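Here is the structure we will look at.
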Amino acid sequence: MLPQNEKASKRSCLVLSILIFVVLPLSVVILGILLWYGRESSAKSRLKARIANITKKGYPVDDASLDTYYKDRTDAANTEAWLAVLSTMTSQDFSASTKGVALLGADVEAEIPILPDEEWKEEEDSLAFLEKWKSLHSEVIRLSIDAKPVRFPIVFDSFGTLLQQTQEMRQAARLLLLRGRVGLRARDSVVVRDAIDGMLGVSRVNAGEPILVSQLVSIAIDSMALELLKDSLKVDALNADDLQSLLPKVLATVNLGKEWENAIVGERAIALPVFADPSKARSFGVTSVPGRSRDALFYLDLIQGILELPANDLKEFKVKLQAVEAKMTEQANASWITKFDSILTLQTTPAFAAAADAFIRRALQHRMAALAIGLRLYEDRHGKFPNSLNDLSDLPMEVKPLGPTQERSLGYRVDGSDAKLWGGSFQDAFAIPVNPPMIEGGDLAKNGNEIWLWELRSNN
């Protein structure tokens, strides 16, 4: 038998082993759980108060309140008519008839020449297509000109929300663009005006959807309208009356507008339910980690910082938005605990700065478009283009606020009897070069910068 003291020693070793390998780890686990529970309980209480405050201000915080918010800001008067149009445009008959048709056919990429004497090989098929769908085009024009944001039957389901009709609206805009391009070749001012007016209206149809992707589709359609306007102004295809009718509609979007706020508060409402139940976004690659109240607070701080940015100065807005996102990333990576507390925020937050660039480009392009319309109206009255943009002061618009910043104006030059109006570049919309954006040989660089040069040819 072992001596008594040796038995006691072995028992002590056993107890110590149990303490080291069982009790101590279990204590650490229990302590960790208690710490997590305490942090989560505290955060949940603060999160509840934050959400209540957002709701009090009339903003959505989940699928149900987002549905109400959407319905309050849209009009159902033309919903059924638009759904009928989209049903026709997604039909097999319509799709089959677009074969060989410019702008609409999947097999056609060529641009439509704007000069009547330039060859256009798709002309016969395109004109036959327009004749076949004349009544559909008329209905789209009727619904789109002066359109209000339309209420489509959207079922909001956090990140699973489907926006089928939003994407389909592009096809309606392309139909108008095709008719407008044909009108431009024929120098038919009314047809061109209606096409531009209609596409701006189609853009507004989606503008009531409080979802970022919907707003970006709206901006893409808007750019189609401005591209047609740009080419029409280049060859003086619009008469003075039609230019006057388009001017206030172009001036309506020279700033970020309420659409930016709608997109941000809508994204917030879509994301918040995921913090309560991360499994809602599992199919989108979102990590399912329980207890995300602190994460939700981190996300709300980010969104609040974005909503408080000064939207009246586009350049300052862009710079400060980039700073907000940079700060978010820095804070999230400060330590392992902040990384844990911001997992969902980093996974669910879109690149807001990149999205804002699209809003900023639209606003600046509308400023260029308004000034270009003003130049044509000035030429119509005086028989020549003005020597300076300041000479447009007799027109129904203020010229100074239409610069890229409060301190700078757009580039402008009278070149012989023609005029050139230019902005920055796709990379930096606020850096206005001394000369128009050109490359060697005098051709525009086809890298996105061509949208920043508006040329107006004199017909006098």
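Nothing in this text is a laboratory measurement; each read-out follows from the coordinates by a stated rule. Small disclaimer: the values here were computed from a predicted structure and weren't measured. So basically every Cβ, Gly included, is an ideal-geometry build from the backbone, and we count neighbours across all protein chains shown.
See the values below:
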item: Sites excluded, GluC sites (Glu not before Pro) in DSSP loops with at most 11 other C-beta within 10 Å, longest stretch of the chain; result: 120-307
item: Folded to 0 to 90 degrees: helix 212-234 orientation relative to the chain principal axis, Cα; result: 20 degrees
item: In degrees, nearest ten, helix 4-18 long axis to first principal axis of the chain (Cα); result: 10 degrees
item: Calculated FRET efficiency for the pair residue 400/residue 327, C-beta based, R₀ 41 Å, to 0.05; result: 0.80
item: Amide H contacts under 5 Å for residue 418, placed H, 5+ residues apart; result: 458
item: Prolate/oblate/rounded call for the chain, Cα gyration tensor, a/c under 1.5 rounded; result: prolate
item: In sequence order, calculated HN-Hα J values of region 150-158 (Karplus, 6.51, -1.76, 1.60; Hz; x Gly/Pro); result: 9, 8, 8, x, 8, 9, 6, 9, 6
item: Label point distance in nm, residue 308-residue 351, each placed 7 Å from Cα along Cα→Cβ; result: 2.7 nm
item: Cα lying deepest toward the dipole's positive end in region 94-253, options 158, 147, 238, charges on Cβ; result: 158
item: Given 71/400; 148/230; 134/258; 148/384; 44/315, the pairs whose alpha carbons are separated by over 31 Å; result: 71/400; 134/258; 148/384; 44/315
item: Where chymotrypsin sites (Phe, Trp or Tyr not before Pro) fall in DSSP loop in region 59-104, at most 15 other Cβ within 10 Å; result: none
item: Charge dipole of the chain about the Cα centre (unit charges at C-beta), most positive-ward option of 435, 55, 392; result: 55
item: Trypsin sites (Lys or Arg not before Pro) lying in DSSP loop within region 292-395, provided at most 15 other Cβ fall within 10 Å; result: 384
item: Cα-based reach from residue 121 at 14 Å (exclusive), listing aspartates and glutamates while leaving out same-chain residues under 8 positions away; result: 107, 109, 111
item: In nm, spacing of pseudo-spin labels at residue 121 and residue 159 (7 Å Cα→C-beta vector); result: 4.5 nm
item: Contact order relative to length of region 262-411, as percent, for alpha carbon pairs under 8 angstrom and 6 or more apart; result: 19 percent
item: Rg in Å to one decimal, and Dmax rounded to a whole Å, for region 75-186 via C-alpha atoms; result: 15.7, 53
item: Computed helical MRE - 222 nm, the chain, DSSP H runs ≥ 4 contributing -39500 (n - 2.57), nearest 500; result: -19000 deg cm²/dmol
item: Acute angle (nearest 10 degrees) that the helix 314-332 long axis makes with the longest principal axis of the chain, alpha-carbon atoms; result: 20 degrees
item: Distance from region 41-88 to region 368-418 (C-alpha centre basis), Å; result: 41 Å
item: Simple Cβ-charge dipole of the chain, Lys/Arg +1 and Asp/Glu -1, about Cα centre, in debye nearest 20; result: 2420 debye
item: Which of 206, 369, 338, positive extreme of dipole for the chain (C-beta unit charges); result: 338
item: Pairwise centroid distance, computed over Cα atoms, of region 152-172 with region 201-255, Å; result: 21 Å
item: Relative contact order for region 226-350, counting Cα pairs under 8 Å that sit 6 or more residues apart, in percent; result: 24 percent
item: Pairwise label distance in nanometres, residue 76 with residue 148, each label 7 Å out on the Cα-Cβ vector; result: 1.3 nm
